[in-house]
Amino acid sequence: MDIYLIRHTQTDTPTGLCYGQTDVGLAANFRDEFIKTQQKLPALHPDCRVYSSPLTRCTQFAAHLFPKVLNDDRLLELNFGDWENCPFDSVNAEELRHWTDNFVSLGPPKGESFTQLCERVGVFWQELLLTDAEQVVLVTHAGVIRALLAHVLQLPLANAFKFKVDMGSVHKLQHINDYTFVHFLNH
């Protein structure tokens, strides 16, 4: 199974906004960014399975990519709770620092921890590997891609943020004979 992880392209949000599970749209130049990302992919088979986070910034991208898209809540970005749709610089600096030092086990107020994100993404991954799909595309978010990579590579979760995940980036994994290979990251 060839698996392509795609991060959505630039959003229509101000710089520095915390918008994890806030439903925001894509930037006005979406078409140009979409074409650049699409060129990083091979031709998609007619039986390709395309899964998407249900947030507009992913479903809009996925709908341009393939006619049939399966939305899955487990592919949502981290829930930032009370910080959703707020500029990061408006969050109490001490509270923000405490969270960044402990993000693996601690969520923002009324939000989720990275461990909780990884658990829901891990369940999705295990179910995906049970399918008979030959080609799969996941249109999702940076946090989800980092969680999947940490899961596949069996990394400590604190190391997941060492992966650079650009907007519009493509990452290819291949699962064969119960083993997952990384072909490329952040293309």
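The values are calculated or read from the model by the stated rules, or taken from the named source; none is laboratory data. Quick caveat, the model's predicted, so the values are computed rather than measured. Positions of Cβ are generated from backbone atoms using ideal geometry, with glycine treated the same way; all protein chains shown enter the neighbour counts.
Descriptive notes on the structure:
- Residue in the range 133-155 that is among the hydroxyl-bearing types (S, T, Y), within 22 Å of T180 (Cα to Cα) and buried (at least 19 other Cβ atoms within 10 Å of the Cβ) present: yes
- When V165, V139, V123 are checked against the criterion of being in a helix (DSSP H, G or I) and either under 27 Å from H45 (Cα atoms) or modelled with pLDDT of 95 or more (or both), a single residue qualifies: V123.
- Taking the range 1-21 as the range and being assigned to a loop (DSSP other than H, G, I, E, B) and in contact with a Leu (Cβ under 8 Å, 6 or more places away or on another chain) as the test, the residues that pass are M1, H8, T9, Q10, D12, G20, Q21.
- Complete set of residues in the range 84-97 that are in a helix (DSSP H, G or I) and surrounded by 11 or more Cβ atoms within 10 Å (Cβ to Cβ): F88, S90, E95, L96, R97
- With respect to the conditions (1) of a type in the set (A, V, I, L, M); (2) under 18 Å from the mean Cα position of the chain (by Cα); (3) under 19 Å from D166 (Cα atoms); (4) not in a helix (DSSP H, G or I), A28 lacks only one, and its number is (2).
- Leading residue by the ranking (surrounded by the fewest Cβ atoms within 10 Å (Cβ to Cβ)) among those in the range 17-35 that are aromatic (F, W, Y) and more than 20 Å from F114 (Cα to Cα): F34
Matching residues to (1) assigned to a loop (DSSP other than H, G, I, E, B); (2) under 17 Å from V170 (Cα atoms); (3) among the basic types (K, R):
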| position | (1), (2), (3) |
| --- | --- |
| T37 | no, yes, no |
| A63 | no, yes, no |
| P67 | yes, no, no |
| D82 | no, no, no |
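- Test result for T115, surrounded by fewer than 19 Cβ atoms within 10 Å (Cβ to Cβ), part of a helix (DSSP H, G or I) and polar (S, T, N, Q): yes
- Only one entry in T13, T37, T56 is of a type outside the set (D, E, K, R), under 17 Å from I145 (Cβ atoms) and at pLDDT 95 or above, namely T37.
- Among the residues of the range 131-174, just one is charged (D, E, K, R), closer than 22 Å to C18 by Cα and touching a residue at least 60 places away in the same chain (Cβ under 8 Å), namely D166.
- Pairs, first within 21 Å of G111 (Cα to Cα) in the range 52-76, second of a type in the set (D, E) and assigned to a helix (DSSP H, G or I), C-beta under 9 Å, six or more apart: S53/D73; P54/D73; R74/E127
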